[in-house]
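What follows is one structure encoded as structure tokens, with my remarks underneath.
The values are calculated or read from the model by the stated rules, or taken from the named source; none is laboratory data. Remember, predicted model here, so these are calculated numbers, not experimental data. We place every Cβ from the backbone using ideal geometry, glycine too, and count neighbours over all the protein chains shown.
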Amino acid sequence: MLKILFMVLLFSFNNAHANEEAQYEVIEVISDKIEIRNYPHLKLATVRSSLQSANNNFRALFNFISGGNSEKQKIKMTIPVFQISEKNENIMSFVLPYKFNNKELPLPDNKNIKIEELNNSKFIVLRFSGRANLTNFLEQQKILEEIIAKKKIKADLTKPIRAYYNTPWTLPFLKRNEILFRLK
């Protein structure tokens, strides 16, 4: 009985803290874990840093949505958090709530944070659970690259995007992670 209660609480806690998710349309389902999506409109708060100071990116973006902006306004946390590592840089983006698509967004106090918009951006996406570490992402990236080659899909393989959906304390088997490649 205690185990059942624990599981109910665990699932309730995980779902009770669900955040607004970036809106997308599924264009094609390739498998139960792989699909092609169109993101009609994404507004992102993005920060870049050296690979050595990558942990500061989350803190900078979190400060922005916690009131570190021109209006001292709190902005609801959304999912996923996107991350790209390229050359000597780490790029992290928070998806901003949908309500800001047609509304003025407060400007970040931190001048390193840039607001970007993506319109009608298509991606091939592989969803997986487990720990959100680089080893798991690289394994899943290889699987997705093999599917892209096999199906002759034109994608930018130079910039894999890692997407994180859960809090760090979510149990690994409950986590939702994704690897994305932008379609050409």
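When you check Ala163 against the structure, is it under 13 Å from the mean Cα position of the chain (by Cα) and modelled with pLDDT under 95, yes or no? Before you say what the answer is, go through the steps one by one.
Working: under 13 Å from the mean Cα position of the chain (by Cα): yes; modelled with pLDDT under 95: no.
So Ala163 does not fit the description; no.
Taking into account only those residues within segment 153-184 that are outside any loop (DSSP other than H, G, I, E, B) and of a type in the set (A, V, I, L, M), which is surrounded by the fewest Cβ atoms within 10 Å (Cβ to Cβ)? Give the steps one after another, and end with the answer.
Within segment 153-184, the first condition is being outside any loop (DSSP other than H, G, I, E, B), and the residues that meet it are 155, 161-164, 172-174, 177-183.
Next, only the ones that are of a type in the set (A, V, I, L, M) stay: 155, 161, 163, 174, 179-180, 183.
Working: Ala155: 22, Ile161: 21, Ala163: 22, Leu174: 13, Ile179: 25, Leu180: 24, Leu183: 17.
Here the residue is Leu174.
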Just one listed residue, out of Leu171, Leu138, is within 24 Å of Asp32 (Cβ to Cβ), free of Cβ contacts under 8 Å to residues at least 12 places away in the same chain and among the aliphatic types (A, V, I, L, M), and it is Leu138
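For segment 109-128, which positions are part of a loop (DSSP other than H, G, I, E, B) and either in contact (Cβ under 8 Å) with a residue 60 or more places away in the chain or among the hydroxyl-bearing types (Ser, Thr, Tyr) (or both)? Before the answer, list the steps.
Within segment 109-128, the subset part of a loop (DSSP other than H, G, I, E, B) is 109-112.
Across segment 109-128, the qualifying residues are Asn110, Asn112.
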Selection from segment 79-90 of residues surrounded by fewer than 19 Cβ atoms within 10 Å (Cβ to Cβ) and touching a residue at least 24 places away in the same chain (Cβ under 8 Å) yields Ile79, Ile84, Ser85, Glu86, Asn88, Glu89
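Do we have any residue at all in segment 143-155 that's touching a helix residue (DSSP H, G or I) at 6+ places or on another chain (Cβ under 6 Å), farther than 15 Å from Pro80 by Cβ, touching a residue at least 12 places away in the same chain (Cβ under 8 Å) and not β-branched (Val, Ile, Thr)? Working first, answer last.
Step one: filter segment 143-155 for residues touching a helix residue (DSSP H, G or I) at 6+ places or on another chain (Cβ under 6 Å), giving 155.
Applying the additional criterion that residues be farther than 15 Å from Pro80 by Cβ yields 155.
Of the ones still in play, those that are also touching a residue at least 12 places away in the same chain (Cβ under 8 Å) are 155.
Among the residues that remain, those that are also not β-branched (Val, Ile, Thr) are: 155.
There is at least one residue in segment 143-155 that is touching a helix residue (DSSP H, G or I) at 6+ places or on another chain (Cβ under 6 Å), farther than 15 Å from Pro80 by Cβ, touching a residue at least 12 places away in the same chain (Cβ under 8 Å) and not β-branched (Val, Ile, Thr).
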message = Whether any residue in segment 129-152 is under 18 Å from the mean Cα position of the chain (by Cα), part of a strand (DSSP E or B) and modelled with pLDDT of 95 or more is what I want to check.
response = no
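With touching a Lys or Arg at 6+ places or on another chain (Cβ under 7 Å) and either at positive phi or not aliphatic (A, V, I, L, M) (or both) as the only criterion, which of Asp109, Asp156 stands out? Break it down into steps so the answer makes sense when it comes.
On the way: Asp109 fails: touching a Lys or Arg at 6+ places or on another chain (Cβ under 7 Å).
Criteria check complete, one pass: Asp156.
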